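I have placed the structure first, in the form of structure tokens, so that the comments after it can refer back to it.
The values are calculated or read from the model by the stated rules, or taken from the named source; none is laboratory data. This is a predicted model, so every value here is computed, not measured. Cβ atoms come from the backbone with ideal geometry, glycine included; neighbour counts cover every protein chain shown. To get the accessible areas, we keep the full protein, side chains included, count just its heavy atoms, and leave off ligands, DNA and RNA. Shrake-Rupley method; radii C 1.70, N 1.55, O 1.52, S 1.80 Å.
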Amino acid sequence: QVQLVESGGGLVQPGGSLRLSCAASGIIFSIYGMAWYRQAPGKQREMVASIRSDGTAAYRDSVKGRFIISRDNANNTMNLQMVSLKPEDTAVYYCAIFTTGRTSWGQGTQVTVSS
């Protein structure tokens, strides 16, 4: 059974930084693509960044140059380094892993950017 656990969220001032982590278990982590999503109150969940099994990354335009996604296959973890955070980055952030025929989700971690 796949289990994903996010950590690292919190309250940060505009312009600040946070590093989110996602720990995976119950799966051969290295062969699947993964992604970070976020969902703000009253809005649809949206993909923030994705990373393929070979490490190829992609980002939504609004976070390019500010967020970096990475993965550590030896430790079954995925990270999202976020800098220059803006109030509009406030959301619950979820990690996801794309296995054959399904997507598995973590429980989410809250990121709040506010002064």
If a residue has to be open to solvent by 40 Å² or more (accessible area, probe 1.4 Å) and either part of a strand (DSSP E or B) or without any contact (Cβ under 8 Å) to a residue 12 or more places away in the chain (or both) to count, how many in segment 76-104 make the cut?
6
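Considering only segment 19-36, state which residues are surrounded by 21 or more Cβ atoms within 10 Å (Cβ to Cβ) and part of a strand (DSSP E or B). Even if it seems obvious, please write down each step before you answer.
Of the residues in segment 19-36, the ones surrounded by 21 or more Cβ atoms within 10 Å (Cβ to Cβ) are 20, 22, 24, 29, 34-36.
Matches in segment 19-36: L20, C22, A24, M34, A35, W36.
Within segment 105-115, can you find the residues that are of a type outside the set (A, V, I, L, M, F, W, C) and either open to solvent by 40 Å² or more (accessible area, probe 1.4 Å) or in a strand (DSSP E or B) (or both)?
Within segment 105-115, Q107, T109, Q110, T112, S114, S115 meet the criteria.
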Does Q44 meet the test of being surrounded by fewer than 16 Cβ atoms within 10 Å (Cβ to Cβ), closer than 17 Å to S7 by Cβ and modelled with pLDDT of 95 or more?
no
